[in-house]
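The block underneath contains the structure these notes are about, expressed in structure tokens.
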Amino acid sequence: MGKVRIGIICPSEIAFRRFLPSLKQEKSFEYMGVAIASKDEWDGDVEDSVIQKEREKAEKFVDAYGGGIYEGYQALITSDDVDVIYLPLPPALHYQWAKMALKQGKHVFVEKPSTTSYEHSKELIELAKQKHLVFHENYMFQYHSQITAIRDELKRGIIGKVHSYHARFGFPMRAANDFRYNKALGGGALLDAGGYVIKLATKMLGPSIQMVSSVMKDYETFGVDMYGAYMFKNDKNEVFVGEYGMDCEYQCCISVWGSEGILTSDRVFTAPDQLKPILRVTHNNETKEILLPEDSHFRKSIRMFQNAIDNDRLRVRIYDEILLQAKLVDDARRMSGRE
């Protein structure tokens, strides 16, 4: 098989800062270019100056990474020069453009969340199945070797019998025009930081995970949820308590409480490529540190996607994981009275 040709919808920050530097190191891919929305692809009227700013961003992509500029998202999706669409748009736009890409026979690498509802995610997965295409949701942290190390240490009994997991992911307020505070674009803490915590819960508790309770809090200023918490359990009666927020002191941690100690990590969701994560194990008021190796979870997510192109079983596993994630997000809304 030759190189997999990939194009990007929208010259977004994450595409420029994280995706393309990682993609550049993977020799099995060829970057073809980035698409800017045509005037009729914007939701409502848009000034020419806005489109010009998008073009200027796209030109920076060309200067830094090569490739071309596609005039319109549809032009990229229908191009015979592209096999894969990378989709880093705001969450509410994922369904529309992913569906079009899948119908055109393109594999889709989508930033989290896959869509804003279980039903939309299920529909896209059914379409991907019919066409034997990859539909991959980029919760990249799950591929970091730190997650494997935590699970391995727990399996070998480093803190005895595991009783509970506690995780937090949240950050201070961003600029008021950030899409995370825009309900129409799929904003809200649950679909942003909250999705990471749910994904970690599935990795720790396994396929028997069930949501027990959920609470969500919003501010009238924005009309989206700004903070939330939930509890899960599995068939071993292990408990996972998660919190998330978009107006809080930065947190990015996991703590596992066992019969013979506590295991913690402070960068479980966002470890940079050059960081050597540290696991801390506390027992009888004494703490020892386990230094882990550097890793690139973004590169490993890209590799997972590439492997799934020719691996039917892996594609099905990815489908199932996306559906579980989407179901738990819907469960959080339902239990919080926000259906």
message: Return the residues of the stretch 256-270 that are small (Gly, Ala, Ser) and in contact with a Ser or Thr (Cβ under 9 Å, 6 or more places away or on another chain); say none if nothing qualifies.
response: 258, 261, 265
message: If the requirement is being closer than 14 Å to residue 139 by Cα and in the same structural domain as residue 147 (by TED's automatic domain parsing), which of these qualifies: 282, 270, 264, 287?
response: 270
message: Taking the conditions exactly as written (out of contact with any Ser or Thr (no Cβ under 8 Å at 6 or more places or on another chain) and surrounded by fewer than 22 Cβ atoms within 10 Å (Cβ to Cβ)), does residue 195 satisfy them or not?
response: no
task: Find all pairs meeting these conditions: Cβ atoms under 8 angstrom apart; at least six residues apart or on different chains; first residue within the stretch 136-158 and assigned to a strand (DSSP E or B); second residue modelled with pLDDT under 95.
output: none
task: Those residues that are surrounded by 12 or more Cβ atoms within 10 Å (Cβ to Cβ) and touching a Gly at 6+ places or on another chain (Cβ under 9 Å), I need them from the stretch 267-299; list them, please.
output: 281, 282, 283
message: Kindly evaluate residue 161 against the criterion of being touching a residue at least 12 places away in the same chain (Cβ under 8 Å), surrounded by fewer than 23 Cβ atoms within 10 Å (Cβ to Cβ), farther than 30 Å from residue 6 by Cα and not hydrophobic (A, V, I, L, M, F, W, C).
response: yes
query: Can you tell me which residues in the stretch 45-90 are touching a Leu at 6+ places or on another chain (Cβ under 8 Å), in a loop (DSSP other than H, G, I, E, B) and more than 27 Å from residue 187 (Cβ to Cβ)?
result: 82
query: When you scan the stretch 125-150, how many residues do you find that are among the acidic types (Asp, Glu) and more than 23 Å from residue 192 (Cα to Cα)?
result: 1
field: Residue list for the stretch 250-287, restricted to those being within 30 Å of residue 175 (Cα to Cα) and touching a Pro at 6+ places or on another chain (Cβ under 7 Å)
entry: 250, 265, 267, 271
task: Tell me, please, whether a residue that is aromatic (Phe, Trp, Tyr), touching a Leu at 6+ places or on another chain (Cβ under 7 Å) and more than 20 Å from residue 209 (Cβ to Cβ) can be found in the stretch 135-144.
output: yes
- request: Answer yes if at least one residue in the stretch 63-73 is touching a residue at least 60 places away in the same chain (Cβ under 8 Å), within 16 Å of the chain's Cα centre (by Cα), closer than 27 Å to residue 183 by Cβ and assigned by TED's automatic domain parsing to the domain that holds residue 36, and no otherwise.
  value: no
field: Hits in the stretch 121-132 - residues which are more than 16 Å from the chain's Cα centre (by Cα) and touching a residue at least 40 places away in the same chain (Cβ under 8 Å)
entry: 122, 125, 128, 129, 132
query: Can you tell me which residues in the stretch 19-44 are of a type in the set (Gly, Ala, Ser), assigned to a loop (DSSP other than H, G, I, E, B) and in contact (Cβ under 8 Å) with a residue 60 or more places away in the chain?
result: 28
- request: Would you confirm whether any residue within the stretch 105-113 is β-branched (Val, Ile, Thr), within 16 Å of the chain's Cα centre (by Cα) and buried (at least 18 other Cβ atoms within 10 Å of the Cβ)?
  value: yes
Output for the stretch 145-184, where each listed residue is among the hydroxyl-bearing types (Ser, Thr, Tyr) and at pLDDT 95 or above: 145, 148, 164, 165
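The values are calculated or read from the model by the stated rules, or taken from the named source; none is laboratory data. All figures in this text were calculated on a predicted structure; none of them were measured in a lab. Note: ideal-geometry Cβ built from the backbone for every residue, glycine included; neighbour counts use all protein chains shown.
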